[in-house]
Amino acid sequence: MTALHDRRLHIVSFDVPYPPDYGGAIDVFYKIKALKEAGAQIYLHCFAYGRQANRELEALCREVFYYPRITGLRGLSLTEPYIVHSRRNKLLLKRLMEIEAPILFEGVHTTYYLSDPGLKKRIKAVRTHNIESDYYEQLAAKEPAFTKRLYYKMESSLLGKYEHGLEDADCFFSLSAEDNRYFKNLYPNKTTAFIAPFHPYNKVMSFTGMGEYCLYHGNLSHPENKEAVLYLLNEVFGQIDMEVIIAGREPGKEIFDACRQLSNCRLIANPSAHEMEQLIQDAHIHVLPTFQASGMKLKLLYALFCGRHVIANANMLHGTGLDNACIAANTTAQIADAINNTRGIPFTANHVAQRTAILAESYDNSNNANRILTYLQV
């Protein structure tokens, strides 16, 4: 193991992970924080496209480097996925070669230089944020616009081939147990591990007692979340006798219109971080279905660490190991019944203790940071 005063580590991030206001950025930012607290000296390399340099990252890292993402036609390739080919930069490779340290590639997106001969002797790990080929295939299936659908299909095909060509990685760290099985089957001779998403919470902070409403929260402009919330509004929430709040970023006209059809529904568009935190804590029931079983949904972790009762479907729980922390419901009738049956049940200290024990098994930031450093021999 490297001496404690020189525990150097490269992290190559697909985006600038601050502010931590969406899933991937949240995982990367709180991972950096936990790794620093565990003693790592981090050289952070970020591909920037719309986000700015900031002091918060510089305070956590030994050095932070920013590279422009090559967007548009120059980012396209007939043989490599766009998410990979658009994140190439010779200065990044130069710095990775100059500073002797293991490398953690955040997402398949950042692995353009994984097989470069100049990095042959380095320990290299890929943090897989999804099975990207499946993710893009699911996006294509739900995209109505022909041009976007074609792009998603091409990207899915290229990613399927690309994911089979990552043999120069020494380790794969997956966000879910299901994704870990996929990469373990692909690379049986490599180190593979389920390392849960990093997050802002050190303990369960759920309030006991009774909450005031049902809540669905998320980025409401994202197709996956839009599909889920419209399903709830059109099929489920009309069947319950309880106030419902929909909260999140950039809701479209369809969501506004669907909310107006329900007398028990209130829409809160673009809440501040503080307002969202308060909404999560004050809710009595979190209703979190998804129709896309890919990756790990951080909204589920937020609800479990800060909220009361959580109702989730099989797709939301897929590969998380959190089934016993939630009320499982899959059909429209099951979700409506679960809400009606739970609305009068207080959230107790026993609920908090049970949830704490379940989350401690895989979702402790400090333990997971130390696992990464052990795997990378830092």
Along the positive direction of the dipole of the chain (beta-carbon charges: Lys, Arg +1; Asp, Glu -1; about the Cα centre), which of HIS217, TYR113, GLN52 reaches farthest? TYR113
Give a residue-ordered list of calculated ³J(HN,Hα) values for the range 267-273 (Karplus: 6.51 cos²θ - 1.76 cosθ + 1.60, θ = phi - 60°; whole Hz; x for Gly, Pro). 9, 10, 8, 6, x, 5, 4
May I ask which of LYS36/LYS94; LYS124/LYS184; LYS36/LYS297; LYS33/LYS226 have a Cα-Cα span longer than 21 Å here? LYS36/LYS94; LYS36/LYS297; LYS33/LYS226
What is the extension gain from GLU250 to SER263, computed as 0.36 nm multiplied by their sequence separation minus the C-alpha to C-alpha distance, in nm to one decimal? 2.5 nm
In order through the range 132-149: 3J(HN,Hα) via Karplus (6.51 cos²θ - 1.76 cosθ + 1.60), integer Hz, x for Gly, Pro: 4, 4, 5, 4, 6, 5, 5, 4, 4, 5, 10, 8, x, 6, 4, 4, 5, 4
Report the paramagnetic label zone for MET242: residues of the range 204-231 whose backbone N is under 16 Å from a point 7 Å from Cα along the Cα-to-Cβ axis. 207-217
Please list, ordered by chain and number, the residues whose modelled amide H lies under 5 Å from the amide H of ASP21; skip anything fewer than 5 residues away on the same chain. ILE26
Positive-pole candidate from ILE268, VAL126, GLN354, dipole of the chain, charges at beta carbon: VAL126
Would you mind getting me the FRET efficiency between ARG149 and GLU37? Use the beta-carbon distance for r and R0 = 30 Å, nearest 0.05. 0.10
Sort out the exposed loop GluC sites (Glu not before Pro) in the chain (DSSP loop, at most 14 other Cβ within 10 Å) and tell me the longest stretch that has none. 213-378
So the FRET efficiency between ASN340 and GLU58, C-beta based with R0 = 51 Å and rounded to 0.05, is 0.50
Please state the charge dipole magnitude for the range 214-361, taken about the Cα centre, from unit charges on C-beta atoms (+1 on K and R, -1 on D and E), reported in debye and rounded to the nearest 20. 100
Evaluate the distance, in nm, between pseudo-label points positioned 7 Å from the Cα of LEU93 and of ARG74 along their respective Cα→Cβ axes. 1.7
Quick one: dipole size for the chain, taken about the Cα centre, charges +1 on Lys/Arg Cβ and -1 on Asp/Glu Cβ, in debye to the nearest 20. 1080
Calculate the dipole size of the range 224-286 relative to its Cα centre from +1 charges on Lys and Arg beta carbons and -1 charges on Asp and Glu beta carbons; express the result in debye to the nearest 20. 160
When the charge dipole of the chain is computed with +1 at the Cβ of Lys and Arg and -1 at the Cβ of Asp and Glu, the Cα pointing farthest to the positive end, of GLY321, GLY75, GLN281, is that of GLY75
Where does the range 126-175 land on Rg/Rh, using Cα atoms and the Kirkwood Rh? 1.07
How many angstrom separate the Cα center of the range 92-156 from the Cα center of the range 1-55? 17
Using alpha-carbon pairs under 8 Å, 6+ residues apart, how would you state the relative contact order of the range 136-288 in percent? 19
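Values in this text are rule-based calculations from the coordinates and carry no lab data. The structure displayed is predicted, hence computed values, not measured ones. Glycine gets a Cβ as well: all are built from the backbone with ideal geometry, and neighbour counts include every protein chain shown.
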